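Here the structure comes first, spelled out in structure tokens, and everything after it is commentary.
The values are calculated or read from the model by the stated rules, or taken from the named source; none is laboratory data. Treat the numbers as computed from the prediction; the structure is a model and nothing was measured. Glycine also receives a Cβ, built like all others from the backbone with ideal geometry; neighbour counts cover every protein chain displayed. The area values use the complete protein model at the heavy-atom level, side chains included, leaving out ligands, DNA and RNA. Shrake-Rupley method; radii C 1.70, N 1.55, O 1.52, S 1.80 Å.
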Amino acid sequence: MDVQGSHYHVVNGVDDWGRCTDTASGHALSRAWADTAPSVTDTAWEYDPDLGVLRLRRDTPLFRRAGRTTPITPDTRRGAGRDGFGTWYWIDADRRTVRRRGESATSATTWWSVDDLADNCACRTAAPGTFTHTGGCPPVRILLQGLAVTTHQYLLIGYRGQDTPGEAGLLVFDLRGGGAPLRLRWPDPESFAPFDLADTPDGGVLILDAEHSRYWRLDEHLRLCGNWPLTDAGEQLAHPVAIEPGPDGSGLVLTADPGRGYSTLYRYDEGQVRWTTPLRDVVEVVDPGDPTGTPALHSLLGHDFCYLQGPPATGPLPPPMLYVGDAEGRQVIAFTLDTDTGAVRARDDFLPMRRWAGRALARSGPGAWYDFGERWISLEIFNECRFAPTATLVTPVDPAGAVPGDTFDSRRPGCVWHRLFLDAQLPTGTAVTIRARGGDDPALLPLEPWLDQPTPYLRPGGPELPWLDVWADRRQPDGTLPDSTGTWELLFQGVTGRYLQLEITITGGGRSSPLLRSLRAWFPRFSYPEHYLPAVYTENQGPDRFLERFLANPEGVYTALEERIEHSHLLLDARTAPTGDLPWLAAWFGLALDPLWDTERRRFLIRHVDTFYRRRGTVPGLVSTLRVYLDPVVDERVFDPVGTRTGIRVVERFLTRDAAGAPGTPAQDPRTRVRRSAHRFEVLVPADLTADAAAMVTRIVAVGKPAHTGFDIRRYHELFVIGQARLGIDTEIVHGPSFVPMVTGSGVLATGYLGYGHPFDITDRVVSDRDRLGALPAL
């Protein structure tokens with residue numbers, strides 16, 4: 001309630017907006033947003049929880065490839081992988097060469113070729129003096145297909161005979177140890193044709209045999225765990241193109257049938273089909289070539305896919321996430337996947353690919369990657385979005401009154417509704433249109449005609465509520481807001497009745513969208529003619545007379561000023577004072593707030609300034625102030641010296657006991673020791689503080705200590721000195737700062753350890769002379 005006695009109804013947050021009704025679908029927005037049907041969008045409204053705003057639905061545009069770009073074909077799928085050092089490996093177009101590009105390299109190089117196998121031939125490795133033939137080594141005629149890098153840093157490449165299927169198997173490279181590859185020949189090469197390889201989280205690998213419609217699983221020691229046929233309803237699976245490790249040790253297989261025009265996703269558990277999900281009409285897209293911008297359902301024919309089920313692969317979107325690259329090489333469609341039922345829901349994030357060569361859509365630590373020439377580019381969301389052109393909603397009306405607060409109820413028959421305030425951002429080219437209607441009977445309110453309302457205007461002074469900063473999260477570092485962002489206001493015209501219903505229409509033109517954060521509908525109108533003018537000015541006029549509306553203009557200005565005066569006490573409360581006024585409020589108490597202190601800590605310091613001043617110059621006061629700056633969570637527990645673990649400690653040297661001295665020397669006189677250590681203390685702080693934080697600690701201690709005392713700031717690792725550390729007080733077995741291998745000439749001895757030499761520093765391998773035989777995994 002304001003100073004004039006007016007109240008307001010507010011709509012703010014996803015729950016409030018979700019009770020509104022979308023006029024296009026006739027459903028509440030909460031029902032449309034909760035719809036789990038794949039790629040079916042029932043509403044043009046979308047709520048962004050990150051920004052806390054209501055906006056137009058983002059549409060996924062179709063990305064058109066350049067006209068001179070050669071389309072990708074299934075033959076371009078050869079496989080790629082990235083090792084733990086950021087180096088990419090892929091099979092070249094001749095299928096006999098492996099290319100490599102390092103993380104910081106400017107170009108790719110040839111890393112290995114099939115011709116290198118001849119270097120390991122017995123003809124060339126025979127001992128001197130033994131019998132060998134003098135001819136050249138026979139050529140190796142194999143073709144490479146499918147590549148993966150395991151989590152144990154083994155590079156696996158599938159191969160088969162070039163002319164006849166008389167030979168097939170895997171090449172295993174040790175990326176840590178180097179050397180020639182281990183050649184694993186398949187026992188039955190006639191039934192093994194590797195097409196796609198995918199590493200599993202446990203260090204193993206999945207192998208897809210597209211020709212025989214079968215997949216194989218190898219464990220972390222490259223031992224065969226099993227092979228299973230790919231079937232669907234008892235029939236052999238047609239056109240499998242990619243495999244990925246799924247949840248709980250399962251396998252995800254993607255098919256691409258050009259005849260059908262869409263892909264199908266399968267989940268297999270040791271050959272058993274858990275679920276099947278066709279990617280038919282699964283994503284709603286907008287064709288840029290369509291002048292109307294009408295969304296249409298699109299079926300997805302995939303070329304490759306990757307599945308990110310959790311850390312370390314987080315990707316541009318939160319996991320679990322399914323990325324499918326379309327067969328035309330234009331863009332990637334992201335899906336949220338229900339791993340239990342297989343239901344997918346397409347996201348509206350625009351993920352275009354620039355001239356995808358089609359070798360692979362690979363997952364790595366940072367997320368999903370695709371190849372562009374001989375470079376590998378991280379898949380990113382393109383911020384240039386397309387939005388639905390327009391959307392309309394109406395506020396709820398509950399004739400039965402079963403849900404309190406759903407209907408805008410003034411509880412006054414014949415109420416004259418006053419003003420509407422919209423906290424919104426309206427970029428150039430967008431608009432918001434308001435219509436309203438009122439009545440005394442909620443059952444008859446839907447029958448009342450809609451009344452067009454004036455176009456809202458942007459208030460120059462911000463919200464009508466005093467000292468409220470609705471868009472604090474959108475402010476620039478200089479304190480300004482983006483253009484057309486703030487509180488928009490209109491004066492209701494001719495809206496009377498106990499109940500109110502609003503119709504809000506936003507338009508964006510497809511390239512941008514208004515952002516609605518909240519609205520407030522004020523009632524009843526405070527009448528200046530009735531309160532301040534003679535009765536003759538109110539005769540023979542209705543409740544919405546011209547004079548009342550005319551005087552509502554100065555009323556809006558004066559009421560806002562009176563509200564600020566009425567609520568001026570909020571400026572003196574650290575919990576409610578505007579952020580920019582906190583230095584002014586702190587100056588009342590002689591405090592100078594450092595820019596390094598965040599807003600929460602500033603407010604806490606000002607709120608408890610009396611407590612801090614009472615403890616100033618004492619050890620508890622000094623520790624409490626340092627905890628306000630250093631503790632991750634600040635609350636009243638900073639004043640509790642008992643039962644709270646803290647990384648701050650003040651050591652007064654006159655209370656400690658020095659060592660007796662060198663062997664054979666007498667102990668120091670206690671009075672001399674106390675006299676030398678009096679009025680000095682040390683502040684022990686965590687060892688991982690930055691230089692700025694350490695400088696801030698020094699300033700805090702300098703201000704909060706007694707004037708006649710001296711101090712030193714020391715890290716915890718500096719305390720552990722024989723003759724100074726107190727056993728059981730200054731020594732404690734806990735997790736300290738991170739330890740790193742020692743380097744001669746740098747580092748602090750107490751923060752490091754002597755590192756092991758290669759290969760004894762490898763933790764994911766069995767190392768001779770280090771690991772006990774009985775502790776090795778079973779074969």
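Residue order by solvent-accessible surface for D478, D199 is D478, D199, largest first, with ligands and nucleic acids left out and a 1.4 Å probe.
Each residue was assigned an accessible area with a 1.4 Å probe, and for W467 the value is about 70 Å².
Sorting the segments 328-334, 594-600 by their mean number of nearby beta carbons within 10 angstrom, highest to lowest, gives 328-334, 594-600.
Can you classify region 570-623 as rounded, prolate or oblate using the Cα gyration tensor, where a ≥ b ≥ c are the square roots of its eigenvalues, rounded means a/c under 1.5, and otherwise it's prolate if a/b beats b/c and oblate if not? Cα axes put region 570-623 in the prolate bin.
Residue ranking by accessible heavy-atom surface, 1.4 Å probe, largest first, among H567, H708 comes out as H708, H567. Within the assembled protein chains, the solvent-accessible surface assigned to V623 is about 30 Å², based on a 1.4 Å probe. Computed about its Cα centre, the charge dipole of region 461-566 is approximately 360 debye, with only Lys, Arg, Asp and Glu carrying charge at their Cβ. Dividing the C-alpha radius of gyration of region 403-492 by 2.2 N^0.38 Å, with N its residue count, gives 1.34.
Taking R31, R715, R375 and ordering them by how much accessible surface each has at a 1.4 Å probe, largest first, produces R31, R375, R715. A probe of 1.4 angstrom, applied to the heavy atoms of all protein chains, finds T341 with accessible area near 90 square angstrom.
In a DSSP loop and with at most 14 other Cβ atoms within 10 Å, the GluC sites (Glu not before Pro) in region 184-256 are E211.
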